[in-house]
Amino acid sequence: MTPITQRRELRTELPGPRSRALQARKEAAVSAGVSTGLPVYIDRAGGGILVDVDGNHLIDFGSGIAVTTVGASAPRVVEAVQGQVERFTHTCFMVTPYEEYLEVCEKLAALTPGSHEKRSALFNSGAEAVENAVKIARAYTGRSTIVAFDHAYHGRTNLTMALTAKNLPYKQGFGPFAGEVHRAPMAYPFRWPGDREHVAEEAFAAFAAQVHTQVGEQNVAAVIVEPIQGEGGFIVPPAGWLERIARWCQEHGALFIADEIQTGFCRTGDWFACDAEGVVPDLITTAKGIAGGMPLAAVTGRAEVMDAVHPGGLGGTYGGNPVACAAALGAIATMEEEDLCGRARQIGDVLRSRLEQLADKVGVIGEIRGRGAMVAVEVVVGSGDRSPDAALTAAVSAHCHREGLVTLTAGTFGNVLRFLPPLTISDELLHEGLDILEDAFLTVLDGGDR
Ligand code: PMP
């Protein structure tokens, strides 16, 4: 296939006529519960570009929600997948195993934080990995309660809905939810009611006091935390908080589970977000960026914890599918050989400096936050008012979409624009995308597009 020209190009309005026709078919064939943020149907993708069925080239600032870190058709991934499909597509690792599964687990042991002995188990989706981390933690500790945080997102299955904080759209009407989940306050500096200088200590104290009075430390199997919250709005807890929570777990015989499904695999400029703080989790969940777009997820953890489960207690028909494993090995090789951690930091520098200039111009950006190529802006009413402005956020995002820039929103209050470009995007496309974003803010604030 000829490489995709890395240039934005709009041949029709967005969505174009073919996309609109497909969307009409979607409405007739697909559940309304599955919504599409930008109903532009994709024909090809690679680098920093998505090509739609009408021939439009869109700039990708979303990576399919932090998945195509290496690009959507990375050569090493394509080659590995093609080679594997020709050899075999499936046997079920629980029936007759294959080496690719082992290679992925060996890579996970080498790359995840900590030099201790580790084991992994592979699954299909992030939610499935989280469910299994909880199973493992309960089996190892013999305890039941899981502590999760405000603004957390861990998935849409029954147990992970219970762990996820936000009601709409994730939970509304879908209860009753799994029990034995306790929710604690999150160290969210921008919206912390107390002194911003002391968020880490105050949030930790609130967590510890709540768990003591409402749960009892001796009942906690695990605390699960996203080192930087993803769907919650790229909330970066202040330095020291994560480490304090991990230490609390150690002091009380609970496991510390880092959910790095969104933050993992170079996204934040390190292999994992925990690396930046030197925090070593007992269990880590990964998915998304691990396999260049193929469905794969993992739980990796201390050998004695992972081995506490009885044989046959973990698994699933497709978990660690050989094609997905081959893709993961291709994606990881790409990250290593192209130093995508370094590239994530460069992209982060460009995003931050441009977003700071934008914030000075528009006055409605309450905060720019994130790490590496995981950066967001929290949109507020402005002029000293930190109230979330979800309507403005939606209008800016819609403007970007019409102009061929794929942006994602996030946040408990719907007022966060998050940027997760593929790490293979060029600087030119990055700047062009940021020009479109700037124009979107200025046009919408000018009243031209609301
Ligand atoms: N945990 C985190 C931190 C996530 O960001 C997500 C997905 N957005 C999940 C879990 C669930 O992953 P999946 O959609 O693959 O089930």
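The values are calculated or read from the model by the stated rules, or taken from the named source; none is laboratory data. Everything numeric in this text was worked out from a predicted model, so none of it was measured. Because the Cβ atoms are built from the backbone with ideal geometry, glycine has one as well, and the counts that use them run over all protein chains shown. Accessible surface is based on the protein model in full, side chains and every heavy atom, while ligands, DNA and RNA are left aside. Shrake-Rupley method; radii C 1.70, N 1.55, O 1.52, S 1.80 Å.
Residues of the range 375-390 that are over 20 Å from residue 419 (Cβ atoms) and either modelled with pLDDT of 95 or more or in a strand (DSSP E or B) (or both): 381, 382, 385, 386, 387. Counting only residues that are open to solvent by 10 Å² or more (accessible area, probe 1.4 Å), within 13 Å of the ligand (Cβ to nearest atom) and not charged (D, E, K, R), the range 278-302 holds 3 of them.
Contact map, the range 132-155: first residue more than 14 Å from residue 229 (Cβ to Cβ), second residue aromatic (Phe, Trp, Tyr) and within 15 Å of the ligand (Cβ to nearest atom), Cβ cut-off under 7 Å, separation 6 or more or different chains; pairs are 132/123. If you go through the range 142-157 one residue at a time, do you hit one that is out of contact with any helix residue (DSSP H, G or I) (no Cβ under 7 Å at 6 or more places or on another chain), of a type outside the set (A, V, I, L, M, F, W, C) and not in a loop (DSSP other than H, G, I, E, B)? No: the range 142-157 contains no residue that is out of contact with any helix residue (DSSP H, G or I) (no Cβ under 7 Å at 6 or more places or on another chain), of a type outside the set (A, V, I, L, M, F, W, C) and not in a loop (DSSP other than H, G, I, E, B). Evaluate the following for residue 131: is it out of contact with any strand residue (DSSP E or B) (no Cβ under 7 Å at 6 or more places or on another chain) and crowded, with 20+ Cβ neighbours inside 10 Å? Yes: the conditions hold for residue 131. Report, by residue number, each residue of the range 218-234 that is open to solvent by 10 Å² or more (accessible area, probe 1.4 Å), more than 14 Å from the ligand (Cβ to nearest atom) and either in contact with a helix residue (DSSP H, G or I) (Cβ under 6 Å, 6 or more places away or on another chain) or among the acidic types (Asp, Glu) (or both). Once the filter is applied, which keeps residues that are open to solvent by 10 Å² or more (accessible area, probe 1.4 Å), more than 14 Å from the ligand (Cβ to nearest atom) and either in contact with a helix residue (DSSP H, G or I) (Cβ under 6 Å, 6 or more places away or on another chain) or among the acidic types (Asp, Glu) (or both), the range 218-234 yields nothing. Confirm whether residue 426 is among the small types (Gly, Ala, Ser), over 18 Å from residue 234 (Cα atoms) and in the same structural domain as residue 51 (by TED's automatic domain parsing). In short, yes.
Could you list, in sequence order, all residues of the range 266-277 that are touching a strand residue (DSSP E or B) at 6+ places or on another chain (Cβ under 9 Å), in a loop (DSSP other than H, G, I, E, B) and open to solvent by 30 Å² or more (accessible area, probe 1.4 Å)? Hit for the range 266-277 is 270, nothing else. Of all the criteria given as (1) among the small types (Gly, Ala, Ser); (2) within 13 Å of the ligand (Cβ to nearest atom); (3) open to solvent by 40 Å² or more (accessible area, probe 1.4 Å); (4) farther than 22 Å from residue 296 by Cα, the one not satisfied by residue 148 is (3).
In this entry, residue 407 passes the filter for residues that are touching a helix residue (DSSP H, G or I) at 6+ places or on another chain (Cβ under 8 Å) and open to solvent by less than 10 Å² (accessible area, probe 1.4 Å). A count restricted to the range 153-177 and to residues that are open to solvent by less than 70 Å² (accessible area, probe 1.4 Å) and within 8 Å of the ligand (Cβ to nearest atom) stands at 5.
Of the candidates 54, 60, the single residue that is in contact with a Lys or Arg (Cβ under 9 Å, 6 or more places away or on another chain) and surrounded by 19 or more Cβ atoms within 10 Å (Cβ to Cβ) is 54.
Of all residues in the range 84-110, those satisfying the criterion of being of a type outside the set (Asp, Glu) and either within 16 Å of the ligand (Cβ to nearest atom) or open to solvent by less than 30 Å² (accessible area, probe 1.4 Å) (or both) are 84, 92, 98, 101, 104, 105, 108.
Taking the listed residues 331, 324, the one that is in contact with a strand residue (DSSP E or B) (Cβ under 9 Å, 6 or more places away or on another chain) and either part of a helix (DSSP H, G or I) or crowded, with 16+ Cβ neighbours inside 10 Å (or both) is 324, with no other qualifying. Of the residues making up the range 249-263, those that are surrounded by fewer than 24 Cβ atoms within 10 Å (Cβ to Cβ) and out of contact with any helix residue (DSSP H, G or I) (no Cβ under 6 Å at 6 or more places or on another chain) number 4. Every test in (1) in a loop (DSSP other than H, G, I, E, B); (2) open to solvent by 10 Å² or more (accessible area, probe 1.4 Å) is passed by residue 398 save one, and that test is (1). Residue check: residue 444 meets all listed conditions (1) open to solvent by less than 10 Å² (accessible area, probe 1.4 Å); (2) in contact (Cβ under 8 Å) with a residue 40 or more places away in the chain; (3) assigned to a helix (DSSP H, G or I); (4) touching a strand residue (DSSP E or B) at 6+ places or on another chain (Cβ under 9 Å) but one, namely (4).
In the set 63, 125, 73, which member is within 16 Å of the ligand (Cβ to nearest atom) and out of contact with any helix residue (DSSP H, G or I) (no Cβ under 9 Å at 6 or more places or on another chain)? First the steps, then the outcome.
On the way: 63 fails: out of contact with any helix residue (DSSP H, G or I) (no Cβ under 9 Å at 6 or more places or on another chain); 73 fails: within 16 Å of the ligand (Cβ to nearest atom).
Just one listed residue meets the conditions, 125.
When the range 178-202 is filtered for residues that are more than 14 Å from the ligand (Cβ to nearest atom), assigned to a loop (DSSP other than H, G, I, E, B) and either under 17 Å from residue 226 (Cβ atoms) or free of Cβ contacts under 8 Å to residues at least 12 places away in the same chain (or both), the ones remaining, listed by number, are 185, 187, 188, 192, 193, 194, 195. Among the residues of the range 252-273, those identified as away from the ligand (no atom under 13 Å from the Cβ) and farther than 18 Å from residue 134 by Cα are 266, 269, 270, 271. Each residue in the range 235-244 was checked for being open to solvent by less than 10 Å² (accessible area, probe 1.4 Å) and more than 16 Å from the ligand (Cβ to nearest atom), and 1 pass.
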